[in-house]
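Every read-out reported here was derived from the displayed coordinates using simple, explicitly stated rules and does not represent laboratory data. Quantities reported herein were computed from a predicted structural model and do not represent experimental measurements. Cβ placement follows ideal geometry from the backbone for every residue including glycine, while neighbour counts extend to all protein chains displayed.
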Amino acid sequence: MTAQLTAEIKRFRASASNPPPSTGCMKHYDGLAHDHDTGQYSLSTAPKDGLDFERSSALHNAIVRHGWVARGHHLSELPQRTYWERWAPTLTPYQLESLRERLHPSVLAFLQQALELPDFYPGTFQPPVFFYHLVGLSAPLELFANHEETEGDRYVTLYSLQDAVATEGRLAGGVVYDQVRHECALIKDVDDTPALSFEERQLSWKPLETILTEYCDMIEADKVVALPKSVKGPEPFEYVRSPAGGYAMKAIPEQELRDPRTGARRTEKTSDPWVMVPFTSKDVEMAVVAWDRLIEVIEARMPKQSFVKKCCRESVYSVKTPGRAGLRRDSFAFSFLSRAAKPGFSKIAPGLRLLTAEEFVHQPFQDVTLGQACSTPPILLLKNDDLPDEERRLEVRDEVPAGLCLGDCDADKAFPYENVVRMVGPIQGLLGRPDEKPDELHELPRANELHKILERFSDLVESGQWIVGPDGVESRAMHIDDS
């Protein structure tokens, strides 16, 4: 996100200092001043019950402007037209009055301040998209369309979901606002488990400003990137008119396939201009810092005669080893291993040890073909030698060494994450449930990211729950206190 827009939204970020709205009656909306001549609402004091529409609209508008500018357009060219200015003239007097009655005043105020996306990008017939997985604010007749028969006016689908993100064969959902709870949830498909109400489903409800803040955080961390229109792809070639007639295939130079600032490239899931990248430089940095801390806390508890601490460390493997193992140089695993320091011991956790260089080269998943040049198979990082043969398996293949690995990642999937860990062994309970799937943009399995697992290892060593011996963390089972 540009520095200008970052500064603009700084005071609107959700924080612990802003208490969440209380649950209460829909008709209670202290703090909203209504102009009967214009129909507009404004905030006179902080609302006790309702949507924090000034904060939410500011964050929404910042995302709209960033996507527009990052694609390569001047901010002055962006139509300053709010949602209400765009849609109110299209409604009949009856529809307009009915919509005012059905919407909580604070939701109506948000729609009166939130910018509407332009119909098309300049010079194209392509409509803009609000964010990576969201088309934009729902049209007035679609705000209640998916659930009014069973839920009445309580739930409003504020943002429509991209069809590619919705469950196949299901009706796309979106960001749904509860006008009683005054919180939102991202719903992938509104007709999934139709017998259950929203209250009966296990949904993650948050204030809208919290969700929009998380989206801004992902933009600033370059996890979600707005690509310039000059970036081509996703295919590495294009068809050009041949002098002899017809069209010929022409390779696209590598520099035209990647964003010059972040290195991100278009995938099949790119929703112009937005794309989610498999990992960021911050992900690598956090993993390296967590690894260094783990090495330090283990070394601090090792018998003094068992190792000599080096002032300058080499990396875990030579730069040739990941290449011989088939790792892409632009992968998370390659980036992490090229910076992670080699410890003076091999046992990193109970039952988990570092692979030798030769073991690492012969990765058990080298023959797994994912079909995409920008995809990665699982990468085994730590091996477990203590399990019986029948337990040495992962879901991708049978009869493979158990241990800790980076999960497979297809950059063309809806939610690619190269730094998420999978583990088989006696301490696999440190991870989230194995059946957890990344089905919400703001509820991905981030607890299983490598740096968080390494941080958990450090905490267990420092607390004394894991015992350190001459070659690192000892293998005998230790009680893990999760309280």
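Exposure proxy for HIS451, HIS104: other Cβ atoms within 10 Å of each Cβ, ordered fewest to most, give HIS451, HIS104.
Fewest-first ordering of LYS10, LYS206 by other beta carbons within 10 Å of each residue's beta carbon gives LYS10, LYS206. For the stretch 113-122, the Karplus equation 6.51 cos²θ - 1.76 cosθ + 1.60, evaluated at θ = phi - 60°, returns couplings of 10, 6, 5, 8, 5, x, 5, 8, 6, x Hz by residue, with Gly and Pro reported as x.
Scoring 376-383, 76-83, 178-185 by mean Cβ neighbours within 10 Å over their residues and listing the highest first yields 376-383, 178-185, 76-83. Counted by neighbouring Cβ atoms within 10 Å, the residues MET302, MET276 run from fewest to most as MET302, MET276.
Averaged over residues, the count of other Cβ atoms within 10 Å places the peptides 246-252, 261-267 in the sequence 261-267, 246-252, highest first.
Normalised radius of gyration (Cα atoms, divided by 2.2 N^0.38 Å) for the stretch 237-276: 1.51.
Our coupling estimate for the stretch 332-339, obtained by passing each phi through the Karplus curve with A = 6.51, B = -1.76, C = 1.60 and θ = phi - 60°, is 5, 4, 5, 5, 5, 5, 6, 10 Hz, Gly and Pro reported as x.
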